[in-house]
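*Asks:* Have a look at this one.
The values are calculated or read from the model by the stated rules, or taken from the named source; none is laboratory data. The structure displayed is predicted, hence computed values, not measured ones. Please note: Cβ atoms are built from the backbone with ideal geometry, for glycine as well, and neighbour counts cover all protein chains shown. Ligands, DNA and RNA are excluded from the accessible area calculation, which covers all protein heavy atoms including side chains. Shrake-Rupley method; radii C 1.70, N 1.55, O 1.52, S 1.80 Å.
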Amino acid sequence: MSTETITHDVIIVGAGLAGTWAAMTASREGVKNIGVISKIHPLRSHSGAAQGGIAAAINNMRPVAGTGPRGPLEQIPAGDPTVDSLELHVFDTIKGSDWLGDQDAIEILASDAIDIVYEYEHMGCVFSRTPDGRIAQRRFGGHSVPRACYAADWTGHMLLQTIHEQALRHGVHFYSEWYVLDLIIEDNICRGVVAMDVLTGEIHTLRAKAVMFGTGGYGRAYKVTTNAHANTGDGVAMAYNAGVPLMDMEFVQFHPTGLYRLGILMTEACRGEGGYLTNNKGERFMENYAPEKMELAPRDLVSRSEQIEINEGRGIGSDGQGIYLDMTHLGREKIEGRLPQVQEIAHNFMGLDIVENPVPIQPTAHYSMGGIPTDSHGQAIADAEGNPVVGFYAAGECACVSVHGANRLGTNSLLEASVFGRRSGYAIAEFIKGGAELHPLPVDPGKHSRQRVERLMDDSLGDERESTAEIGRELKEMMTHGCGIFRDEDGLQNALNEVQQLQERFKNARVMDKSQRFNTDMQNALETENLLTFSEVIISGALARTESRGAHSRTDFPKRDDDSWLKHTIAHKNGDQLPILSYKDVNIDWEKNPPQERKY
Amino acid sequence: MSGNGHNKTATLRIERFNPDVDEKPAFEELQVELVPGKTILDALLEIKEEQDGSLTFRRSCRHGICGSCTMNINGTNMLACESALTDHVNEDGLVTVRPLPSVPVIKDLVTDRSSFWEQYQRIKPWLVPAEEVPEKEFRISPDEVNSLNNAERCIMCGACYSACPVISIDKGFVGPHAMLKAFLRVSDSRDKDHDVHMTDIETLWDCTTCYMCVEQCPKELSPGKVASTLRSLLVEEGKVPRTLGVALTSTFRNKNPFEMAHADRLAWAEGLPLQDGKTNPVDALYFVCCLACYDPRAQKLAQAMVTSMDAAGVNLGTLGSEEVCCGSEMQRIGEMGLFEVMVEELTESLNKPQTQQIVTASPHCFNVFSNHYPDLNLNAEHYTQYVARLIADGKIEFKGEVNKRVTYHDPCYLGIQNDIFDEPRSILQSIPGIELVEMERSRKQSLCCGGGGGRMWFEGHASGAHLSHERVREAVSTGAQILATACPFCLNMLDDAVKTLALDDQIEVKDIMELVVEAS
Ligand SMILES: Cc1cc2nc3c(=O)[nH]c(=O)nc-3n(C[C@H](O)[C@H](O)[C@H](O)COP(=O)(O)OP(=O)(O)OC[C@H]3O[C@@H](n4cnc5c(N)ncnc54)[C@H](O)[C@@H]3O)c2cc1C
Ligand code: SF4
Ligand code: SF4
Ligand code: FES
């Protein structure tokens, strides 16, 4: 395992929408020496799995007059009044966030949205179309008008192909299947990263004037999740280890419709297109929870409603842990035209034709609202006062700007990754062109990474060794029960104790594969170590936050408490101890969008 | 699923290889519990977590969208995450899992796909955006989007690439995935420089249009089928390899691609009991492939057909002087203008005779009549379908025997492209004395002979290792004395290969019809 240093102007970790937008933009702006690192081939990044759509108030579609909130849509004829506006997108997002989103950032999100969707289109993205050839839009939960621009139900796939190809066009260099282990920050200045070339197992130091993380979400901390295997929150764990704080980690979104037991996503577009949720009595129970929006209430609310139905014995399936998603009234043509991937997934994994059968689903860990705190240019911040970490940027799901606050609206995250990825790209280009320097590396920068790897390889424990996979399993089980949809003090306290025990046990964990070449056993182990690192932060934040807001629902504190908790959690690493928590004010325009009760 | 009810464990026979320590790949058998709903990927993950952490494979999304987990399962490339274990285990609960063929192995089921990505980059996969863009979006009709969608849905999983016979012998070939991407770009009106994608694509002439890539694409896309569209763009610009140009010109002038005189088209049938189908009522119209008309070796299969039909009491006719090339290969070469004219003319001739039945000598003619002649009012069949029925009805009786071990090569246009696998085999099995053995690659996994898609007239860039050579070696390895096939193109290619390899003392290539006559 030699340590060879590679130097770039800019290193971007992550080749999903956020990382690739940043790379493409910076390169287009004239920064030529960019290296993008991805632990899986760029095109396999999780952004490609997004199904439903990307939000933008482009006003192409409207509900047919007089048909109600679930009725059919039509294109808006030229000259007719619009239905959507930036203000409305902003308001929906703020309300969805349960007023924890930063309103200045949300305004940027909504206004950049329109431009970035058109830019995707100009770069070749194959969007679905209205009859007159404009980008088609559909309804999505929490959005008060049809705002989700889509490409059938493989929107993320189309966006990722488009932006990846443009990055290639601009000459961006990709390190495919390199695994980043550590972020090097000293004296609050970022200096590079340490990464393993998965093919050879060699560990390299990569030096740069600026590093950007677009490393994606952390849904793999839960047992049943819509997230890909790769979504292990490496970026947040590395940043935390390097002294960068994490923000609002306790806010984890549960999606109402993951496939029963498997968690594979049935996009919200299933409900956007008119699908129902029913319990074991055949009742559309959302009537009791969100009589107006019904199934299209925001995700936190729908998932909680499902969980209550399940807890009260009205679930379906052999263990009563499921709910039905019923699309049988939509008809074959609509399903095959708009939800082909969903149809294929239900067929492949459940043996069901959704045209004819309701699909068993369950609430499933889906999206990480929390992450590395940044300003609206992707610049990572070091503390509650907003001081920058020099040369370190983040965007996409690993970051927390925060536009989603306590709960993200569907289709706002492809948007976030794109918009703030692009903004980071501009900011990084400016930073480099403004004369950024390479700062000296600390002595033996790869040491910590090497030690992690060497310990996992060590043979001396014999049968005493722990299984990394087993520890990962126990962690996910524990997070699901102790820090899931509903939380309370006892459960969280237990969870915290357990995660610390698991961290302790992990010290004796060893990999089975002792080879250098393409050691995925090693990679899984390092990822599990990362899960253990940030799970503690999620639980600590959840335990401290004695209120219910958005996706964070405390049964012992069921009300939102704006007097005490209208603030972001900031968690700093404190050696081996629990994180140090501090709090940061939410950016609120008290005139325009003051906190209100959140009702759907 | 319940059929395997008593079989509670599945055995995965996995090809393992770590080039750093192993001399060569070896199979290892590992067991998991067999329960409905478990995918092959689930089984691999379970083995990795609980039994052997060193088992190595790629995965991420686990629902068929990221393209990571492509591997070869029981001989076919597929996505492990989408493939249920219960669908793939045999009666003994066994399933064979191997890395993708034709690409180097990095470790176990992880392959080196760099040549795949190089080919992708080579066609410049990005859209070249307009300098001046509208304030909002470009207008594109939903129909136009649908046609693009199909190509943009490609998840770059590499199943097609690794299954492609040309790739197996030549990594310089552009490959199906890259052709599909190029097709996407040149079909998109927003792309401002189609030439960029087409300048370095001339290896697309190497595609045999076997459609193995179509067969194995887990997303049901049609990568190989776009070869003809892309070629048509080159044809329009006159960028056609010289020998193909000769074949095209000959087809235009002589109504056959071999530069033979049209007047000699029926010379092969002299003295044989064959009617003029245009003027006489016949049971079936025999449509003879250009190759079978003019090539001395291939003529024998046509002659055998006539002899056999006569013995069976079938009144066989041809179009006589109105028989011309069916245009199948012109279409695959991308000479669409010529092809359309040919379809129109030949449709008219074919619709004239009284019979409702055409029987073709070649799978190529059969395929094009069945799928690309929209106004044809006849029932087109390949001769193996027709003859299998005659045998089943007792109209053909065998008096003799062929005491040989025979293996059958599936022609792509018949098998993969039209799902006709059983009829040829049933004919062979009904011939007394024949012991039918299968090659490792047969039916849907058959290996192309290399003769389709214009390759009959074009050597290609792949030098040395010809597909037909490999196919013949595979046939020899079964111990077969006869390599049977049912296509003039395959017959020609394989026969040449046997001669070049000097294997004539071990194996003989025959058309099925020749064997029928031998045993009659
Ligand atoms: C099933 C599903 C459907 C979704 N549908 C929608 C939708 O319809 N609309 C919407 O707006 N949002 C949707 N989302 C959310 C959205 O897809 C994500 O939030 C967004 O794509 C995240 O993009 P990203 O660029 O931040 O990260 P990702 O696309 O996840 O990319 C992360 C990148 O980081 C790399 N990486 C991570 N760790 C390392 C490491 N240690 N070393 C090297 N590289 C590393 C990975 O290789 C990858 O390239 C969906 C999410 C899921 C799970
Ligand atoms: S049609 Fe056959 S030769 Fe052509 S790309 Fe597909 S598999 Fe390869
Ligand atoms: S065309 Fe099909 S088989 Fe080929 S890479 Fe694309 S999805 Fe895979
Ligand atoms: S794991 Fe993504 S396609 Fe199989």
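*Asks:* Residue check: is B:Leu376 touching a residue at least 60 places away in the same chain (Cβ under 8 Å), closer than 18 Å to B:Cys289 by Cα and in contact with a strand residue (DSSP E or B) (Cβ under 9 Å, 6 or more places away or on another chain)? Full working, then the answer.
*Replies:* On the way: touching a residue at least 60 places away in the same chain (Cβ under 8 Å): no; closer than 18 Å to B:Cys289 by Cα: yes; in contact with a strand residue (DSSP E or B) (Cβ under 9 Å, 6 or more places away or on another chain): yes.
Criteria not met by B:Leu376.
*Asks:* Another question, then. Applying the selection to the range B:83-117, what residues are assigned to a helix (DSSP H, G or I) and of a type in the set (Asp, Glu)?
*Replies:* Going through the range B:83-117, the residues assigned to a helix (DSSP H, G or I) turn out to be B:85-88, B:114-117.
B:Asp87, the sole residue that qualifies.
*Asks:* Given the conditions (1) within 28 Å of the chain's Cα centre (by Cα); (2) hydrophobic (A, V, I, L, M, F, W, C); (3) open to solvent by 10 Å² or more (accessible area, probe 1.4 Å), which single one is not true for A:Ile106?
*Replies:* (3)
*Asks:* Can you report the number of residues in the range A:499-534 which are within 16 Å of ligand 1 (Cβ to nearest atom) and polar (S, T, N, Q)?
*Replies:* Residues meeting the conditions: 7.
*Asks:* What number of residues in the range B:220-242 are part of a loop (DSSP other than H, G, I, E, B) and either assigned by TED's automatic domain parsing to the domain that holds B:Ile333 or open to solvent by 20 Å² or more (accessible area, probe 1.4 Å) (or both)?
*Replies:* Selection size over the range B:220-242: 8.
*Asks:* A further question follows. Given B:Pro142, B:Pro101, which one is touching a strand residue (DSSP E or B) at 6+ places or on another chain (Cβ under 8 Å) and free of Cβ contacts under 8 Å to residues at least 24 places away in the same chain? First the steps, then the outcome.
*Replies:* Values: B:Pro101 fails: free of Cβ contacts under 8 Å to residues at least 24 places away in the same chain.
None of the other options fit; the residue is B:Pro142.
*Asks:* Among what's in the range A:26-59 and is in contact with a helix residue (DSSP H, G or I) (Cβ under 6 Å, 6 or more places away or on another chain), more than 14 Å from chain B (Cβ to nearest Cβ) and buried (at least 22 other Cβ atoms within 10 Å of the Cβ), pick the residue that is farthest from A:Tyr367 (Cα to Cα).
*Replies:* Out of the qualifying residues, it is A:Val31.
*Asks:* Working carefully through the options B:Leu428, B:Leu414, B:Leu346, find the one that is open to solvent by less than 30 Å² (accessible area, probe 1.4 Å) and assigned by TED's automatic domain parsing to the domain that holds B:Gln299.
*Replies:* B:Leu346
*Asks:* Among the residues of the range A:86-103, count how many are of a type in the set (A, V, I, L, M, F, W, C), in a helix (DSSP H, G or I) and surrounded by 24 or more Cβ atoms within 10 Å (Cβ to Cβ). Please lay out each step first, then the result.
*Replies:* In the first step, residues of the range A:86-103 are kept if they are of a type in the set (A, V, I, L, M, F, W, C); the result is A:86, A:88, A:90-91, A:94, A:99-100.
Restricting the remaining residues to those that are in a helix (DSSP H, G or I) gives A:86, A:88, A:90-91, A:94.
Filter again for surrounded by 24 or more Cβ atoms within 10 Å (Cβ to Cβ), leaving A:94.
Residues meeting the conditions: 1.
*Asks:* Report yes if some residue within the range B:34-42 is at pLDDT 95 or above, open to solvent by 30 Å² or more (accessible area, probe 1.4 Å), of a type in the set (Asp, Glu) and farther than 21 Å from B:Ile167 by Cα; otherwise report no.
*Replies:* yes
*Asks:* Restricting attention to the range B:133-145, does a residue exist that is closer than 30 Å to A:Arg129 by Cα and among the hydroxyl-bearing types (Ser, Thr, Tyr)?
*Replies:* yes
*Asks:* Would the range B:10-23 turn up any residue that is open to solvent by less than 30 Å² (accessible area, probe 1.4 Å), outside any loop (DSSP other than H, G, I, E, B) and over 20 Å from B:Gln445 (Cβ atoms)?
*Replies:* Looking for residues that are open to solvent by less than 30 Å² (accessible area, probe 1.4 Å), outside any loop (DSSP other than H, G, I, E, B) and over 20 Å from B:Gln445 (Cβ atoms), one finds at least one in the range B:10-23, hence yes.
Conditions (1) more than 14 Å from chain A (Cβ to nearest Cβ); (2) within 16 Å of ligand 2 (Cβ to nearest atom); (3) among the small types (Gly, Ala, Ser), marked per residue:
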{"position": "B:Gly172", "(1), (2), (3)": "yes, yes, yes"}
{"position": "B:Arg185", "(1), (2), (3)": "no, no, no"}
{"position": "B:Asp195", "(1), (2), (3)": "yes, no, no"}
{"position": "B:Thr209", "(1), (2), (3)": "yes, yes, no"}
{"position": "B:Glu236", "(1), (2), (3)": "yes, no, no"}
{"position": "B:Arg265", "(1), (2), (3)": "yes, no, no"}
{"position": "B:Pro273", "(1), (2), (3)": "yes, no, no"}
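*Asks:* Turning to a different aspect of this structure: Would you please name the residue that is most open to solvent (accessible area, probe 1.4 Å), looking only at residues in the range A:111-144 that are closer than 17 Å to A:His377 by Cβ and away from chain B (no Cβ under 14 Å)?
*Replies:* Of everything passing the filter in the range A:111-144, A:Ser111 is most open to solvent (accessible area, probe 1.4 Å).
*Asks:* Another question about this same structure. Find the residue count for the range A:54-83, including only residues that are closer than 26 Å to A:Glu287 by Cα and not hydrophobic (A, V, I, L, M, F, W, C).
*Replies:* Number satisfying all stated conditions: 9.
*Asks:* Moving to a separate point now. What about A:Gly219, is it among the small types (Gly, Ala, Ser) and over 23 Å from the mean Cα position of the chain (by Cα)?
*Replies:* Criteria not met by A:Gly219.
*Asks:* May I ask you to list the residues in the range B:29-76 that are polar (S, T, N, Q) and more than 16 Å from ligand 3 (Cβ to nearest atom)? Don't jump to the end; show me each part of the working.
*Replies:* Going through the range B:29-76, the residues polar (S, T, N, Q) turn out to be B:31, B:39, B:51, B:54, B:56, B:60, B:68, B:70, B:72, B:74, B:76.
Those that are polar (S, T, N, Q) and more than 16 Å from ligand 3 (Cβ to nearest atom): B:Gln31, B:Thr39, B:Gln51, B:Ser54, B:Thr56, B:Asn74.
*Asks:* Continuing with the same structure: Name the residues in the range B:67-84 that are open to solvent by 10 Å² or more (accessible area, probe 1.4 Å) and facing chain A (nearest Cβ under 7 Å), would you?
*Replies:* Listed by number, the list holds a single entry, B:Glu82.
*Asks:* Can you tell me how many residues within the range B:197-207 are away from ligand 2 (no atom under 14 Å from the Cβ) and crowded, with 24+ Cβ neighbours inside 10 Å? Steps first, answer last, please.
*Replies:* Kept after step one, since they are away from ligand 2 (no atom under 14 Å from the Cβ), are these residues of the range B:197-207: B:197-200, B:202.
Those left that are additionally crowded, with 24+ Cβ neighbours inside 10 Å: B:197.
Of the residues in the range B:197-207, 1 are away from ligand 2 (no atom under 14 Å from the Cβ) and crowded, with 24+ Cβ neighbours inside 10 Å.
*Asks:* Let me ask you something else. Identify the residue in the range A:466-508 that is more than 29 Å from A:Val453 (Cα to Cα) and of a type in the set (A, V, I, L, M) and, among all such residues, is nearest to the chain's Cα centre (by Cα).
*Replies:* Per the stated criteria, the residue is A:Ile485.
*Asks:* Being farther than 30 Å from A:Gly171 by Cα and either touching a residue at least 12 places away in the same chain (Cβ under 8 Å) or hydrophobic (A, V, I, L, M, F, W, C) (or both) is true for just one of A:Pro69, A:Pro42, A:Pro77. Which residue is that? Step through it out loud before you land on a result.
*Replies:* Working: A:Pro42 fails: farther than 30 Å from A:Gly171 by Cα; A:Pro77 fails: either touching a residue at least 12 places away in the same chain (Cβ under 8 Å) or hydrophobic (A, V, I, L, M, F, W, C) (or both).
Step by step, each of A:Pro69, A:Pro42, A:Pro77 is checked, and only A:Pro69 is farther than 30 Å from A:Gly171 by Cα and either touching a residue at least 12 places away in the same chain (Cβ under 8 Å) or hydrophobic (A, V, I, L, M, F, W, C) (or both).
*Asks:* Let me ask something else. For the range B:490-508, enumerate the residues that are at positive phi and in contact with an Asp or Glu (Cβ under 8 Å, 6 or more places away or on another chain).
*Replies:* none
*Asks:* Just the residues that are within 13 Å of chain B (Cβ to nearest Cβ) and farther than 10 Å from A:Thr528 by Cβ, please, taken from the range A:471-481.
*Replies:* Scanning the range A:471-481 gives a single hit, A:Glu474.
*Asks:* Take the residues in the range B:121-133 that are over 39 Å from the mean Cα position of the chain (by Cα) and more than 8 Å from every other protein chain (Cβ to nearest Cβ); name whichever of them is farthest from A:Ile163 (Cα to Cα).
*Replies:* Among residues in the range B:121-133 that are over 39 Å from the mean Cα position of the chain (by Cα) and more than 8 Å from every other protein chain (Cβ to nearest Cβ), the one farthest from A:Ile163 (Cα to Cα) is B:Glu132.
*Asks:* Test B:Thr360 against the criterion of being open to solvent by 10 Å² or more (accessible area, probe 1.4 Å), under 27 Å from B:Gly400 (Cα atoms) and touching a residue at least 40 places away in the same chain (Cβ under 8 Å), and give yes or no.
*Replies:* No; evaluated as a whole, the condition is false for this residue.
*Asks:* Among the numbered conditions (1) more than 14 Å from ligand 4 (Cβ to nearest atom); (2) under 16 Å from A:Leu199 (Cβ atoms); (3) in contact with a Lys or Arg (Cβ under 6 Å, 6 or more places away or on another chain), tell me where B:Thr96 comes up short.
*Replies:* (2)
*Asks:* Something else now. Which is of a type in the set (D, E, K, R), away from chain B (no Cβ under 14 Å) and open to solvent by 10 Å² or more (accessible area, probe 1.4 Å), of A:Lys507, A:Lys514?
*Replies:* The unique qualifying residue is A:Lys507.
*Asks:* So A:Tyr600 ticks every box in (1) in a loop (DSSP other than H, G, I, E, B); (2) over 19 Å from A:Asp92 (Cα atoms) but one. Which box is left unticked?
*Replies:* Answer for A:Tyr600: the failing condition is (2).
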